[in-house]
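Below you'll find the structure, written out as structure tokens, and then a few comments.
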Amino acid sequence: MSTATLTPAAVKADTPITLRAHLRHTGALIRRNLLWIRQDPESMFDAILFPVIFTLLFVYVFGGSIGQSLGGGQDRYVQYVIPGLMAMMGMNMAQGVGTGFNQDFNSGVMDRFRSLPIGRGSVLFAKIAVELLRMLFATCVLMVVAVLVGYDIHSWSGLLASVGLSVVFGSALMWVFLTLGVVMKNAQSVQAMGFLVLMPLQFGSSIFAPTASMPGWLRSFTDYNPLSALADTARGLMEGGPVAHDLWVTLIWSVGLTAVMAPVAIHKFRTKA
């Protein structure tokens with residue numbers, strides 16, 4: 001990708017970047033990232049296989065027993081778990097953005113970008129934009145598999161609202177993993193740290209099973225777990241039910257994470273040696 005694609009030749013590295021230039025730079029970098037996916041289609045395997053594997057695993061391994069606790073059977077569990085898996089999608093895609101960002105640093109790609117007179121935030125915004133597109137693709141795969149295993153879409157507007165909310169929360173999480181991608185030494189470290197963060201949040205939530213049977217100390221954790229709030233909001237929107245409290249909790253987490261971690265990620269990217 002040439003410098004001319006991103007900025008006029010007269011622009012110097014220390015010249016303030018205008019909003020219009022930021023948008024142009026971000027668009028060029030999004031195109032670069034999409035072309036990279038086209039050249040390396042294997043990078044889409046996680047977006048394709050993750051929703052398939054997790055849906056089949058939880059529906060056919062745990063669906064019968066957990067569905068009975070919900071007052072039904074496997075069909076009842078399908079209606080319960082699919083909105084939860086949608087909420088989980090953003091977190092798993094967010095981990096991938098941190099790993100990929102770290103690999104770009106170690107390969108020298110980011111050093112090239114930082115030597116160009118482009119807005120530093122443009123590099124990060126482009127990375128997030130492409131990962132959100134991958135997340136939307138994974139969500140489409142999830143819903144296709146969900147319908148095939150018997151999921152009944154009760155509200156299309158609720159489904160679209162749930163996807164939009166998942167995108168908002170997923171983009172907030174990506175700032176966290178972008179920061180990890182900058183500060184950690186290698187991709188394996190980012191994956192290990194992501195695993196330590198993801199596992200308690202995913203399984204200590206209402207994504208896969210109701211929290212009523214959990215011990216009190218764990219329920220206290222799930223009550224403030226943003227994934228529980230996002231999953232319960234998605235269920236309320238898609239299946240019908242109260243959403244106001246969980247919606248506000250999800251939005252507060254999303255705004256808070258973005259407000260704190262976005263400046264940190266951009267600063268770390270600018271100052272990384």
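The values are calculated or read from the model by the stated rules, or taken from the named source; none is laboratory data. Every value quoted in this text rests on a predicted model; they were computed, and no experiment measured them. Reconstructed Cβ throughout: ideal geometry from the backbone, glycine too, with neighbour counts over all protein chains shown. All accessible areas refer to the heavy atoms of the entire protein, side chains included, with ligands and DNA or RNA removed. Shrake-Rupley method; radii C 1.70, N 1.55, O 1.52, S 1.80 Å.
Only one of Met184, Met193 is open to solvent by 10 Å² or more (accessible area, probe 1.4 Å) and without any contact (Cβ under 8 Å) to a residue 40 or more places away in the chain; which?
On the way: Met184 fails: without any contact (Cβ under 8 Å) to a residue 40 or more places away in the chain.
Criteria check complete, one pass: Met193.
Evaluate the stretch 119-126: report whether one residue or more is touching a Ser or Thr at 6+ places or on another chain (Cβ under 8 Å) and open to solvent by 30 Å² or more (accessible area, probe 1.4 Å).
yes
Please list, ordered by first then second residue, the pairs with beta carbon atoms under 8 Å, 6 or more apart or interchain, first in the stretch 58-79 and closer than 22 Å to Thr233 by Cβ, second of a type in the set (Ser, Thr, Tyr) and surrounded by fewer than 20 Cβ atoms within 10 Å (Cβ to Cβ).
Ser69/Ser213
Tell me yes or no: at least one residue of the stretch 256-265 is crowded, with 21+ Cβ neighbours inside 10 Å and either touching a strand residue (DSSP E or B) at 6+ places or on another chain (Cβ under 7 Å) or closer than 13 Å to Val176 by Cα (or both). Don't jump to the end; show me each part of the working.
At the first step, the residues of the stretch 256-265 found to be crowded, with 21+ Cβ neighbours inside 10 Å are 262, 265.
Going one step further and asking which of them are either touching a strand residue (DSSP E or B) at 6+ places or on another chain (Cβ under 7 Å) or closer than 13 Å to Val176 by Cα (or both), we end up with 262, 265.
Within the stretch 256-265, one or more residues are crowded, with 21+ Cβ neighbours inside 10 Å and either touching a strand residue (DSSP E or B) at 6+ places or on another chain (Cβ under 7 Å) or closer than 13 Å to Val176 by Cα (or both).
Here is a list: Thr211, Thr258. Which entry is hydroxyl-bearing (Ser, Thr, Tyr) and more than 20 Å from the chain's Cα centre (by Cα)? Steps first, please.
Values: Thr258 fails: more than 20 Å from the chain's Cα centre (by Cα).
Residue meeting the stated conditions: Thr211.
Just need a number here: residues in the stretch 73-114 that are open to solvent by 10 Å² or more (accessible area, probe 1.4 Å), in contact with a helix residue (DSSP H, G or I) (Cβ under 9 Å, 6 or more places away or on another chain) and not acidic (Asp, Glu). Give the derivation first.
So the first thing to find is which residues in the stretch 73-114 are open to solvent by 10 Å² or more (accessible area, probe 1.4 Å), and the list is 73-76, 79-80, 92, 95-96, 99-100, 103-109, 111-114.
If we keep only those that are in contact with a helix residue (DSSP H, G or I) (Cβ under 9 Å, 6 or more places away or on another chain) too, we end up with 73-76, 79-80, 92, 95-96, 99-100, 103-106, 109, 111, 113-114.
Now narrow it down to the ones that are not acidic (Asp, Glu): 73-74, 76, 79-80, 92, 95-96, 99-100, 103, 105-106, 109, 113-114.
Final tally of qualifying residues: 16.
Among the residues of the stretch 118-161, count how many are outside any helix (DSSP H, G or I) and hydroxyl-bearing (Ser, Thr, Tyr). Break it down stepwise before answering.
The first filter runs over the stretch 118-161 and keeps only residues outside any helix (DSSP H, G or I), leaving 118-119, 149-155.
Those left that are additionally hydroxyl-bearing (Ser, Thr, Tyr): 151, 155.
So the answer is 2.
Regarding Pro200, is this residue open to solvent by 30 Å² or more (accessible area, probe 1.4 Å) and part of a helix (DSSP H, G or I)? Walk me through it before giving the result.
On the way: open to solvent by 30 Å² or more (accessible area, probe 1.4 Å): yes; part of a helix (DSSP H, G or I): yes.
Yes; evaluated as a whole, the condition is true for this residue.
If I ask for residues that are at pLDDT below 75 and either crowded, with 16+ Cβ neighbours inside 10 Å or farther than 27 Å from Gly98 by Cβ (or both), which ones from the stretch 4-18 would you list?
As a first pass, look at the stretch 4-18 and keep what is at pLDDT below 75: 4-17.
Result: Ala4, Leu6, Thr7, Pro8, Ala9, Ala10, Val11, Lys12, Asp14, Thr15, Pro16, Ile17.
Report whether or not Ser213 is outside any helix (DSSP H, G or I), open to solvent by 40 Å² or more (accessible area, probe 1.4 Å), of a type outside the set (Lys, Arg) and farther than 30 Å from Leu116 by Cβ. Walk me through how you get there before you give the answer.
Details: outside any helix (DSSP H, G or I): yes; open to solvent by 40 Å² or more (accessible area, probe 1.4 Å): yes; of a type outside the set (Lys, Arg): yes; farther than 30 Å from Leu116 by Cβ: yes.
So Ser213 passes the test.
It is to be established whether one or more residues within the stretch 21-44 are under 24 Å from Leu160 (Cβ atoms) and modelled with pLDDT under 80. Show your work before the answer.
Filtering the stretch 21-44 down to residues under 24 Å from Leu160 (Cβ atoms) leaves 30, 34, 44.
If we keep only those that are modelled with pLDDT under 80 as well, we get none.
No, the stretch 21-44 contains no residue that is under 24 Å from Leu160 (Cβ atoms) and modelled with pLDDT under 80.
Name the single residue, out of those in the stretch 156-170 being open to solvent by less than 30 Å² (accessible area, probe 1.4 Å) and small (Gly, Ala, Ser), that is farthest from the chain's Cα centre (by Cα).
Taking the candidates together, the pick is Gly158.
Filter the stretch 135-152 down to the residues that are touching a helix residue (DSSP H, G or I) at 6+ places or on another chain (Cβ under 6 Å) and over 15 Å from Val78 (Cα atoms) and list them by number.
The first filter runs over the stretch 135-152 and keeps only residues touching a helix residue (DSSP H, G or I) at 6+ places or on another chain (Cβ under 6 Å), leaving 135, 137-139, 141-142, 145-146, 149-151.
Of everything in the stretch 135-152, those that are touching a helix residue (DSSP H, G or I) at 6+ places or on another chain (Cβ under 6 Å) and over 15 Å from Val78 (Cα atoms) turn out to be Met135, Phe137, Ala138, Thr139, Val141.
Hey, Thr233 hits all of (1) open to solvent by 30 Å² or more (accessible area, probe 1.4 Å); (2) among the β-branched types (Val, Ile, Thr); (3) touching a residue at least 12 places away in the same chain (Cβ under 8 Å) but one; which does it fall short on?
(1)
Go through the stretch 48-72 and give me each residue that's of a type in the set (S, T, N, Q) and surrounded by 15 or more Cβ atoms within 10 Å (Cβ to Cβ). Spell out the reasoning first.
Taking the stretch 48-72 as the starting set, the residues that turn out to be of a type in the set (S, T, N, Q) are 55, 65, 68-69.
Within the stretch 48-72, just Thr55 meets the criteria.
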